[in-house]
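What follows draws every value from the coordinates through simple rules; no lab data is involved. These numbers were taken from a predicted model, which means no experiment stands behind them. Neighbour counts run over all protein chains shown; Cβ positions are idealised from the backbone, glycine included.
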Amino acid sequence: MQNDWKVRKDLTVNLGMRYTLQLPRTEKYDRQGAFRPDLAKEYPLPQPVTLPDGRVMTSAIVPPFAYSGRGGRSRYITPIDWNGWEPRLGFAWVPAVGWNSAERLVVRGGYGLSHTTLTGLGRNPSPDFASGTLTYTFNTRMTDPNFVARICCNPPQWVPKSPDEVLSVPADGLLYLDGINVAASAVSPNARVPYVQSWSTSVAYQLPWQMAVEVSYLGSKGSHLFLPPISLNPVPFELSEAYLGRGINPLDNVNDPLGRRDPNGNVISFSQ
């Protein structure tokens, strides 16, 4: 809804309000999810770990990978942001002063707020769920690997499993110690739909000879934009000194004390 309102002969105001609602993505079979630090649990370590500063750790806090739409959770991967209001304001004013009796000077200004999309990057999906697929060879998945696979007499050896069985998804959709077999990320519970505020002010003066001069100021500010993560938790000085005293780089990755591994068999490591 947006319209012009002529307040006076020398002042016109443009007022408007829009509302946009973007629903976070869902997956047809609820096989999407993210790490949930707010649901973390404490688990004992198989062996105590001594830190460079002398502390002995006997347990670790493990955040689960939570599948959406399970265990009573929402099917959306992030909470819905209902605050989708987009105000619009503009004006055009001709100062009613003696030296501007010819109405050659006009002052204009405006403000607007617009939301950006939650997913997508140009014409490409982001995140792209089709970016990776699993392939299998039949050389070792047939009755007799010495011969070519044939439906009649050398059929492939399949073990029927549902997608949930392949992904090892429990009933409540919370994976703590079991591997998820894929890469994953954590989603901030404070995530909001990105938006941009734009404003401008201009002064225009009509000159003779069908000419005009205009001075403008334009501004914009983005909020909740999708940017690369910035580490706001630097390594404490005392811990850095303890690491360096033992000849260890405090910026090196730390292996998971629980010994969990990624799909390639490598021990998971964490950045400090």
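Some notes on this structure:
- Across region 215-224, computed HN-Hα scalar couplings (Karplus, 6.51 cos²θ - 1.76 cosθ + 1.60, θ = phi - 60°) run 10, 10, 10, 10, x, 7, 9, x, 10, 6 Hz from first to last residue, x flagging Gly and Pro.
- Ellipticity at 222 nm from helices only: DSSP H runs of n ≥ 4 in the chain, each -39500 (n - 2.57), divided by the residue count, give -1500 deg cm²/dmol.
- For the peptides 14-21, 192-199, the ranking by mean Cβ contacts within 10 Å, running from highest to lowest, is 192-199, 14-21.
- Across all C-alpha atoms in the chain, the radius of gyration and Dmax reach 30.2, 102 Å.
- Whichever aspartates and glutamates have a C-alpha closer than 14 Å to that of Lys9, once near sequence neighbours (fewer than 8 apart) are set aside: Glu103
- For the chain, a simple Cβ point-charge model (Lys and Arg +1, Asp and Glu -1, everything else neutral) yields a dipole of about 840 debye relative to the Cα centre.
- Cβ crowding within 10 Å ranks Ile77, Ile268 as Ile268, Ile77, fewest other Cβ atoms first.
- Relative contact order %, the chain, counting alpha carbon pairs below 8 Å whose residues are six or more apart: 19
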